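**Student:** Submitted below is the structure of interest, expressed as structure tokens.
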Amino acid sequence: FFAQHGDTLACAIVEPVIGNMGVIPPRLDFHERLRELCTRHGVVLIWDEVMTGFRLAPGGAQERYGIRPDLSTFGKVLGGGLPLAAFGGRRELMEMVAPAGPVYQAGTLSGNPLAVAVALEMLSAIESDPGIYDRLEATTKRLCEELDRLATEAGIPHRINRVGSMWTIYFTEGEVFDAASARRSDLGLFGRFFHALLDRGVYLPPSQFESAFVSTAHGEAEIERTIEAARAAFATLA
């Protein structure tokens, strides 16, 4: 594609970890290759880090994978529960934004003082607790391993994809690595699993195509409760 169209492309926009079809980790050297092609053809590489930013590492997916995009977007974790979004990137691109440059970007709630104050506190909390990501990794790994074990024991075909504290369970026989393989999952079975968990006080994303997240609010008691709820839920599906 780049060989044919690279010199006419303005930008390439990607999620470093796809989160709108469950969770799809990058395969092989995808990000390295895309970074190389964008640099070669003068294409602006934009990463949508709304989900991954500050979730996979203090520096987001960029830190985790060692890739530097030209522009990035952020949200969710950054706002600490309040609606907030941000973008940033290379100096020469950011200097194109008004008033330094010709690209106008503003909105009624831009720089909202309350949201910005909460974001600063959120970033300070992350910075002051360097072990937070190791704990999230361990907690999510344990949850997913238990869900995998329980589903296997119940004889339910499934796959669990996980990156850091992002995860999704698919009810399918094969590997899930793109939109087509995600769509081959049993959405009806996922719906039954969702409601079985909901009946037991555990709220998953209501769509197969949304990522689930583990946060620092999920302690040992919450994880154990989720595992026990899943055990009962899988029994209703078998």
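**Student:** Can you spot a residue in the stretch 172-189 that is among the polar types (S, T, N, Q) and part of a loop (DSSP other than H, G, I, E, B)?
**Tutor:** Among the residues of the stretch 172-189, at least one is among the polar types (S, T, N, Q) and part of a loop (DSSP other than H, G, I, E, B), which makes the answer yes.
**Student:** So which of M166, M122 ends up being in the same structural domain as E63 (by TED's automatic domain parsing) and within 21 Å of the chain's Cα centre (by Cα)?
**Tutor:** Only one candidate passes the filter, namely M122.
**Student:** Another question, if that's okay. Looking at the stretch 214-229, is at least one residue part of a loop (DSSP other than H, G, I, E, B), basic (K, R) and out of contact with any Lys or Arg (no Cβ under 7 Å at 6 or more places or on another chain)?
**Tutor:** no
**Student:** In this structure, does R159 turn out to be under 25 Å from P26 (Cβ atoms), basic (K, R) and outside the structural domain of I67 (by TED's automatic domain parsing)?
**Tutor:** So R159 passes the test.
Table: residues versus (1) closer than 28 Å to A86 by Cα; (2) β-branched (V, I, T).
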{"position": "Q105", "(1), (2)": "yes, no"}
{"position": "V118", "(1), (2)": "yes, yes"}
{"position": "E127", "(1), (2)": "yes, no"}
{"position": "G131", "(1), (2)": "yes, no"}
{"position": "A138", "(1), (2)": "no, no"}
{"position": "K141", "(1), (2)": "no, no"}
{"position": "E146", "(1), (2)": "no, no"}
{"position": "R149", "(1), (2)": "no, no"}
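Matching residues to (1) closer than 29 Å to W167 by Cβ; (2) exposed (fewer than 15 other Cβ atoms within 10 Å of the Cβ):
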residue	(1), (2)
P16	yes, no
H31	yes, no
V44	no, no
G79	yes, no
A86	yes, no
R91	no, yes
G107	no, yes
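**Student:** What residue, of V44, V50, V77, V116, is aliphatic (A, V, I, L, M) and under 19 Å from A10 (Cβ atoms)?
**Tutor:** V44
**Student:** Another one. Could you go through the stretch 11-20 and let me know if any residue there is free of Cβ contacts under 8 Å to residues at least 24 places away in the same chain and outside the structural domain of S211 (by TED's automatic domain parsing).
**Tutor:** Yes, there is a match, as at least one residue in the stretch 11-20 is free of Cβ contacts under 8 Å to residues at least 24 places away in the same chain and outside the structural domain of S211 (by TED's automatic domain parsing).
**Student:** Residue check, W167 against (1) touching a Leu at 6+ places or on another chain (Cβ under 7 Å); (2) among the hydrophobic types (A, V, I, L, M, F, W, C); (3) in contact (Cβ under 8 Å) with a residue 60 or more places away in the chain, all met but one. Which one?
**Tutor:** (1)
**Student:** Of the numbered conditions (1) more than 18 Å from V116 (Cα to Cα); (2) surrounded by 17 or more Cβ atoms within 10 Å (Cβ to Cβ), F74 fails exactly one; give the number of that condition.
**Tutor:** Looking at each condition in turn, F74 falls short on (1).
**Student:** Output the number of residues of the stretch 139-173 satisfying the condition of being of a type in the set (G, A, S) and either at pLDDT below 95 or under 20 Å from V202 (Cβ atoms) (or both).
**Tutor:** 3
**Student:** Output the residue which, of all residues in the stretch 143-160 that are within 14 Å of L189 (Cβ to Cβ) and over 21 Å from the mean Cα position of the chain (by Cα), is surrounded by the fewest Cβ atoms within 10 Å (Cβ to Cβ).
**Tutor:** G155
**Student:** Output the residues belonging to the stretch 172-197 that are buried (at least 21 other Cβ atoms within 10 Å of the Cβ) and within 19 Å of R231 (Cα to Cα).
**Tutor:** F190, F193
**Student:** Next up: Output the qualifying pairs, or none if there are none: Cβ atoms under 7 angstrom, residues six or more apart or on different chains, first residue in the stretch 39-59 and farther than 21 Å from M122 by Cα, second residue surrounded by fewer than 24 Cβ atoms within 10 Å (Cβ to Cβ) and among the acidic types (D, E).
**Tutor:** That search, which allows pairs on different chains as well, returns H41/D7; V44/D70; L45/D70; I46/D70.
The values are calculated or read from the model by the stated rules, or taken from the named source; none is laboratory data. Source: prediction; values computed, not measured. Neighbour counts are summed over all protein chains in view; Cβ atoms, including those assigned to glycine, are modelled from backbone coordinates with ideal geometry.
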